[in-house]
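Worksheet for the structure shown next.
The values are calculated or read from the model by the stated rules, or taken from the named source; none is laboratory data. Computed from a predicted model, the values in this text were never measured in an experiment. Ideal geometry is used to build each Cβ from the backbone, glycine not excepted, and the neighbour counts take in all protein chains shown.
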Amino acid sequence: MDTTFWIGIFVGTAFSLVASIIANLYTDRIQQYLSARRSIRLNNKKTSELTTYAFVKKLRAGDPVSTLSFGRSRDFTFYMLGFAVLSGVVCLVVIVDPTFDRSNALYRFLPILLIALSLTCLMALLLSFQSVARISKKANDFEQYEANIRSKWGNDAI
């Protein structure tokens, strides 16, 4: 018997053992947990969408708290853009400047820290922009958004 045969036997045994363990673990208790988890996730999604709907509705109505909150989110996007550009420029200055003292270990890692700060600011910028754009789109097409919510969750949900 060659090694290919024994490798096939070993791989087949390993796969059948894993499949047997998974099949034995998939009991009624786990099935009930997974079905309960699905309904909980659906309920959380519904709650999240209805909370967003209430926020957009208040924003469209001119509620000062909603307008202020949305304005802060929009301003945060621009702040993160400024921090990302500023940290990127400082990083370039540190890298390109020939008079910069690179003998100290702290200053060797400064460009890496500035790049990490810049990337973190860019990620925050993208997430904030996505949120602001999503809310703006829903506020601009509010009638269609409201119709979608009503068709998805029913008239009594709103």
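So the values come out like this:
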{"quantity": "Helices (runs of 4 or more DSSP H) completely within region 1-97 that count 3 or more residues being under 30 Å from Leu117 (Cα atoms) and at pLDDT below 90", "calculated": "64-96"}
{"quantity": "Residues satisfying the stated conditions in region 127-143, i.e. assigned to a helix (DSSP H, G or I) and acidic (Asp, Glu)", "calculated": "Glu143"}
{"quantity": "Selection from region 56-102 of residues that are among the acidic types (Asp, Glu) and surrounded by 13 or more Cβ atoms within 10 Å (Cβ to Cβ)", "calculated": "Asp63"}
{"quantity": "Every pair of residues 6+ apart whose Cβ atoms lie under 6 Å, when the first sits in region 134-158 and is touching a residue at least 60 places away in the same chain (Cβ under 8 Å) and under 14 Å from Ala54 (Cα atoms) while the second is of a type in the set (A, V, I, L, M) and assigned to a helix (DSSP H, G or I)", "calculated": "Lys138/Val56; Ala139/Val56; Ala139/Leu59"}
{"quantity": "Test set (1) at pLDDT below 85; (2) assigned to a helix (DSSP H, G or I); (3) acidic (Asp, Glu) - Glu146 fails condition number", "calculated": "(1)"}
